[in-house]
Amino acid sequence: MCLGIPGRIVSSVEGCDLGRVEVAGVVREINLALLDGPFVPGEYILIHSGFALERMTAERAADALAFFGGE
């Protein structure tokens, strides 16, 4: 089992593996190569060790953030 945290896509460039993702108020570069694009700003993803593992609904992301004591 791994611990993943939700992040909100801020921006991405088609054809580039890295995207800017906001996690707990901090924007960082996350590798999106494991998922199929295109990526839309505002969309949520599950992140582990700097890699996006899956897409998430806003509701599921909110539930996970609430569990961690965030938003």
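Residue ranking by accessible heavy-atom surface, 1.4 Å probe, largest first, among Glu59, Glu22 comes out as Glu59, Glu22.
In the chain, taking the dipole from charged Cβ atoms about the Cα centre, the farthest positive-side position among Ser49, Leu35, Cys16 is held by Ser49.
Near Ile45, once Lys and Arg are set to +1 and Asp and Glu to -1 for all other residues with Cβ below 10 Å from its Cβ, the sum equals 0. Helix 58-67 against the longest principal axis of the chain: what's the angle in degrees, Cα atoms only, rounded to the nearest 10? Helix 58-67 sits at roughly 50 degrees to that axis. Accessible area per residue for the chain is 64 Å², calculated with a 1.4 Å probe on protein heavy atoms, without ligands, DNA or RNA. Annotation: extensible slack from Ala66 through Leu34 equals 8.9 nm (criterion: 0.36 nm per residue apart, minus Cα-Cα distance). Working from Cα pairs under 8 Å separated by at least six residues, relative contact order for the chain is 31 percent.
In the frame of its principal axes, the chain has Cα extents of 34, 25, 20 Å, reported largest first.
The values are calculated or read from the model by the stated rules, or taken from the named source; none is laboratory data. Only a predicted model underlies this, so the values are computations on that prediction, with no experimental measurement involved. Note: ideal-geometry Cβ built from the backbone for every residue, glycine included; neighbour counts use all protein chains shown. Note: accessible area is taken over every heavy atom of the protein model, side chains too, but ligands, DNA and RNA are not part of it. Shrake-Rupley method; radii C 1.70, N 1.55, O 1.52, S 1.80 Å.
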